[in-house]
1. Filter the stretch 6-33 down to the residues that are assigned to a loop (DSSP other than H, G, I, E, B) and touching a helix residue (DSSP H, G or I) at 6+ places or on another chain (Cβ under 9 Å), then identify the one that is farthest from residue 80 (Cα to Cα).
2. I'd like the residue in the stretch 71-99 that is in contact with a strand residue (DSSP E or B) (Cβ under 8 Å, 6 or more places away or on another chain) and not in a strand (DSSP E or B) and, out of all such residues, is nearest to residue 2 (Cα to Cα).
3. Please tell me if residue 19 is over 12 Å from the mean Cα position of the chain (by Cα) and farther than 18 Å from residue 1 by Cα.
4. Starting from residues that are buried (at least 19 other Cβ atoms within 10 Å of the Cβ) and at negative phi, keep the ones in the stretch 27-46 and report whichever is modelled with the lowest pLDDT.
5. Modelled with pLDDT of 95 or more and touching a helix residue (DSSP H, G or I) at 6+ places or on another chain (Cβ under 7 Å) - does that describe any residue in the stretch 92-101?
6. Can you tell me which residue in the stretch 47-70 is farthest from the chain's Cα centre (by Cα), limited to those that are within 19 Å of residue 35 (Cβ to Cβ) and part of a strand (DSSP E or B)?
7. Looking at 62, 36, can you tell me which residue is in contact with a helix residue (DSSP H, G or I) (Cβ under 8 Å, 6 or more places away or on another chain) and more than 15 Å from residue 7 (Cβ to Cβ)?
């Protein structure tokens with residue numbers, strides 16, 4: 001069940017302070033196990049945080065939206081990115097990635 005629910009965060013390990021960079025997030029897909037996107041089972045939303053600071057949210061409709069998105073963010077210092085995702089059947093899931101800022 002984890003392989004289709006855990007948000008996968010793609011971002012550089014290190015970035016320059018105050019310079020924009022891209023964070024891509026996809027729910028599931030680990031080892032080819034995709035999350036369903038049907039009326040009875042879909043990813044409703046995901047949120048991105050740097051530590052406890054809210055950075056953004058993406059919402060998805062069943063059957064027509066894939067649970068993946070891209071954010072362009074700026075950090076001033078090292079941070080741990082955290083993604084919280086909500087599946088309508090299996091609740092909240094999260095993952096984290098540390099970003100070094102130089």
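The values are calculated or read from the model by the stated rules, or taken from the named source; none is laboratory data. Computed from a prediction, not measured in an experiment: that's the story for all the values here. Note that each Cβ is placed from the backbone with ideal geometry, even for glycine, and that neighbours are counted across all protein chains shown.
1. Per the stated criteria, the residue is 32.
2. So the residue we want is 89.
3. yes
4. 35
5. Yes: one or more hits.
6. 59
7. Going through 62, 36 in turn, the sole match is 36.
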